1. With respect to GLN195, is the statement that it is more than 25 Å from PHE257 (Cα to Cα) and free of Cβ contacts under 8 Å to residues at least 40 places away in the same chain true?
2. Could you check the stretch 148-169 and list, in sequence order, the residues that are touching a helix residue (DSSP H, G or I) at 6+ places or on another chain (Cβ under 7 Å), part of a helix (DSSP H, G or I) and not aromatic (Phe, Trp, Tyr)?
3. Could you check, for the stretch 170-178, whether at least one of its residues is in a loop (DSSP other than H, G, I, E, B) and farther than 21 Å from ARG82 by Cβ?
4. Would you mind finding the one in PRO220, PRO207, PRO233 that is within 14 Å of HIS280 (Cα to Cα) and either touching a Gly at 6+ places or on another chain (Cβ under 9 Å) or not hydroxyl-bearing (Ser, Thr, Tyr) (or both)?
5. Can you list the helices (runs of 4 or more DSSP H) lying wholly within the stretch 236-297 that have 2 or more residues being under 18 Å from PRO315 (Cα atoms)?
6. Could you list, in sequence order, the residues of the stretch 298-321 that are surrounded by fewer than 20 Cβ atoms within 10 Å (Cβ to Cβ), part of a loop (DSSP other than H, G, I, E, B) and touching a residue at least 40 places away in the same chain (Cβ under 8 Å)?
7. When only residues in the stretch 322-341 that are of a type outside the set (Gly, Ala, Ser) and surrounded by fewer than 22 Cβ atoms within 10 Å (Cβ to Cβ) count, which is farthest from GLN195 (Cα to Cα)?
8. Of all residues in the stretch 72-127, count the ones that are of a type in the set (Ser, Thr, Tyr) and part of a helix (DSSP H, G or I).
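The values are calculated or read from the model by the stated rules, or taken from the named source; none is laboratory data. Since the model is a prediction, treat every value here as computed from it, not as a measurement. Here the Cβ is made from the backbone with ideal geometry for all residues, glycine too, and neighbour counts use every protein chain on show. Calculation scope for accessible area: heavy atoms of the full protein, side chains included, ligands and nucleic acids excluded. Shrake-Rupley method; radii C 1.70, N 1.55, O 1.52, S 1.80 Å.
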Amino acid sequence: MIPPLNREFPPVFDGHEDFITQIKPRRAIFGPAGGRDFLEDGSGPAEDAHIEQSKRGHVDLPRAMRSGLGGCFTSIYLSNERAEYNALAYAMDEMNDVFRIADRSEGRFHICRTVSDIRAAWAVDAFASVFMFEGADPISASLKELRVFYEAGLRCLAPTWSRSTIFAHGVAFGGNLPETGLTDLGRQLVHECDQLGIILDVSHINPAGFWDMLAESRNPIVATHSSVKAISPHVRNLDDGQIKALAGKGGTIGINFANLFLRPDMQGNTDTSLDVIVSHFDYIVNLVGDEHVSFGTDFDGTDIPAVVGDATGLPVVLRALKAKGYSDASLERICNGNFLRVASQVWKA
Ligand SMILES: [Zn+2]
């Protein structure tokens, strides 16, 4: 039985979730087959939260509904092996898996392409899933695939993950990647996304690419899952200049819940405090205002603080923000208003 959408807070639209890499049906070409069913509550016994976490994952439809998690950019993420071997086929494979979740959900999981679609999903207590590519590896130099994926529902695109594509270079987690910005094809990709109505995402791109994207696009740009470099100096986080520039262009930043990106010591320990999580929201609000910060949890894509645990920890974070004095209007912007504002400006009606 899938519960109704929890309305303690406005529905959260999360900037980044990786659940499709963990759910059934998962192909066994690289890595083990199997995984959880997104339609079933996988939370199970929590005696040993750390060990159980890999089996329980962070999110599924029942837990999303119980938590007030109303939807997300559903990431089509490709491992390095998949990206190199046949990115196009694997992207279609993952998108097909998402469509199959919707098919089996009895109307509780919607594939959304417009802001109205998202609001319509929430009106019937359904999860609003919007396709995003975490890396444009499935797009060739002709860009012809982009239009087809747009028609299938692609509404947000990061030119690269933390590797290189023909369009751009990411920030490396280890080893070296070029520090140059967008390639000529990358500039064409940005223009084509503007033309079609696809939101551009700067999470994972290197600083030179970040600045090129802001210069080339006429639209607001988002960081779907990045945190604050002034608090945690990780390469994946944004510095003050980048935060101000994204805000100046009308964008928003989804706070990433990876311990690595939250903690001042950049360690993976899961004992990250609620105060540290809240400090990332506070920092952006103080720097550029509450119109430019959102959630970008990275659920099922990283290790998150034990105090959050899984999707059901979202209300814990929201209660902490409320206790700090965030108004209802401010929480509404953070929960979904900021992403929906950008979407309403970039997507075609
Ligand atoms: Zn990512």
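1. Values: more than 25 Å from PHE257 (Cα to Cα): yes; free of Cβ contacts under 8 Å to residues at least 40 places away in the same chain: yes.
Considered against the rule, which asks whether it is more than 25 Å from PHE257 (Cα to Cα) and free of Cβ contacts under 8 Å to residues at least 40 places away in the same chain, GLN195 comes out as yes.
2. Answer for the stretch 148-169, where residues must be touching a helix residue (DSSP H, G or I) at 6+ places or on another chain (Cβ under 7 Å), part of a helix (DSSP H, G or I) and not aromatic (Phe, Trp, Tyr): just ALA152.
3. Quick first cut of the stretch 170-178, residues in a loop (DSSP other than H, G, I, E, B) only: 171-178.
Next cut, farther than 21 Å from ARG82 by Cβ only: 176, 178.
Scanning the stretch 170-178, I find at least one residue that is in a loop (DSSP other than H, G, I, E, B) and farther than 21 Å from ARG82 by Cβ, so the answer is yes.
4. Values: PRO220 fails: within 14 Å of HIS280 (Cα to Cα); PRO207 fails: within 14 Å of HIS280 (Cα to Cα).
Exactly one residue qualifies, and that residue is PRO233.
5. Details: elements: 240-248, 259-262, 274-288.
Helices (runs of 4 or more DSSP H) meeting the threshold: 274-288.
6. Within the stretch 298-321, THR302, ASP303, ALA306, GLY309 qualify.
7. Taking the stretch 322-341 as the starting set, the residues that turn out to be of a type outside the set (Gly, Ala, Ser) are 322, 324, 326, 328, 331-336, 338-341.
Still in the list and also surrounded by fewer than 22 Cβ atoms within 10 Å (Cβ to Cβ): 322, 324, 326, 328, 331-332, 340-341.
Working: LYS322: 39, LYS324: 41, TYR326: 36, ASP328: 35, LEU331: 31, GLU332: 29, LEU340: 19, ARG341: 18 Å.
It comes out as LYS324.
8. As a first pass, look at the stretch 72-127 and keep what is of a type in the set (Ser, Thr, Tyr): 74-75, 77, 79, 85, 90, 105, 114, 116.
Keeping just the survivors that are part of a helix (DSSP H, G or I) gives 85, 90, 116.
Result for the stretch 72-127: 3.
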